[in-house]
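Enquirer: Sharing a structure below in structure tokens format, with a few things to ask.
The values are calculated or read from the model by the stated rules, or taken from the named source; none is laboratory data. This one's a predicted model, so the numbers in the text were calculated from it and none came from an experiment. All Cβ positions, even for glycine, are placed from backbone atoms using ideal geometry, and neighbour counts span all protein chains on display. Protein only, heavy atoms only, side chains kept; ligands, DNA and RNA dropped before computing areas. Shrake-Rupley method; radii C 1.70, N 1.55, O 1.52, S 1.80 Å.
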Amino acid sequence: MRANVSVHCLFVINNFRHWKFSEYTMPHDGARVITRWIENLDDEVQAEFDARFLHWRTHDKWHDLYRGADEVDMPGERFEELSQIREIAVTVNAVAYRILGVHFDVWEFVMLIGYADPQRRAEVPSDVQVAFDERLNDLRKNPHNRCDYEF
């Protein structure tokens, strides 16, 4: 009877896993790109991002990525999914602040670049897109160029 309870508890615990946020680190010095970017923003913007991260750590954010989340995956197998850009955005004083990243592994979102968009455009500016692509290509080749985002 006790063994059945343990198995049931493990199943329930696994179903309550939620997103882990990590960030890209620069290859030459290991700098945390999102931490550095957020630290240079106004306190109000920082607080909005903190609230968003705390909420998404305990609530579902990207439901469409859950399909197959419990399947065993081989290292590197999910890199094909790294092409779709996802964003975390907050708006403060009519300026959109966006963090762009990708679904990296089961339950992990890697943040690659952050930028401010005073015009709140729908498209990513070309210079931001170029930097995003460079970081994504490096992440594909060097998956260790990321670390947990510290809240």
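Conditions tested, residue by residue: (1) at pLDDT 95 or above; (2) touching a Phe, Trp or Tyr at 6+ places or on another chain (Cβ under 8 Å).
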residue	(1), (2)
55	no, no
63	no, no
68	no, no
72	no, no
79	no, no
87	no, no
101	no, yes
146	yes, yes
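Enquirer: Report the residue count in region 33-49 for those that are open to solvent by less than 100 Å² (accessible area, probe 1.4 Å), out of contact with any Asp or Glu (no Cβ under 8 Å at 6 or more places or on another chain), over 14 Å from residue 101 (Cβ atoms) and in a helix (DSSP H, G or I).
Expert: Filtering region 33-49 for residues open to solvent by less than 100 Å² (accessible area, probe 1.4 Å) gives 33-35, 37-38, 41, 45-49.
Subsequent filtering for residues that are out of contact with any Asp or Glu (no Cβ under 8 Å at 6 or more places or on another chain) retains 37-38, 41, 45, 47-49.
Still in the list and also over 14 Å from residue 101 (Cβ atoms): 41, 45, 47-48.
Checking the rest, the ones that are also in a helix (DSSP H, G or I) come to 45, 47-48.
The total comes to 3.
Enquirer: Give just the number: which of (1) within 13 Å of residue 25 (Cα to Cα); (2) surrounded by 16 or more Cβ atoms within 10 Å (Cβ to Cβ) does residue 124 not satisfy?
Expert: Of (1) within 13 Å of residue 25 (Cα to Cα); (2) surrounded by 16 or more Cβ atoms within 10 Å (Cβ to Cβ), only one is false for residue 124: (1).
Enquirer: Among the residues of region 8-28, is there at least one that is assigned to a loop (DSSP other than H, G, I, E, B), open to solvent by less than 50 Å² (accessible area, probe 1.4 Å), modelled with pLDDT of 90 or more and over 23 Å from residue 107 (Cα atoms)?
Expert: No.
Enquirer: So the check is Cβ under 6 Å with 6+ separation or different chains; which pairs have a first residue in region 27-46 that's without any contact (Cβ under 8 Å) to a residue 60 or more places away in the chain and a second one that's among the aromatic types (Phe, Trp, Tyr) and outside any loop (DSSP other than H, G, I, E, B)?
Expert: Short answer, once both residue conditions are applied: 45/97.
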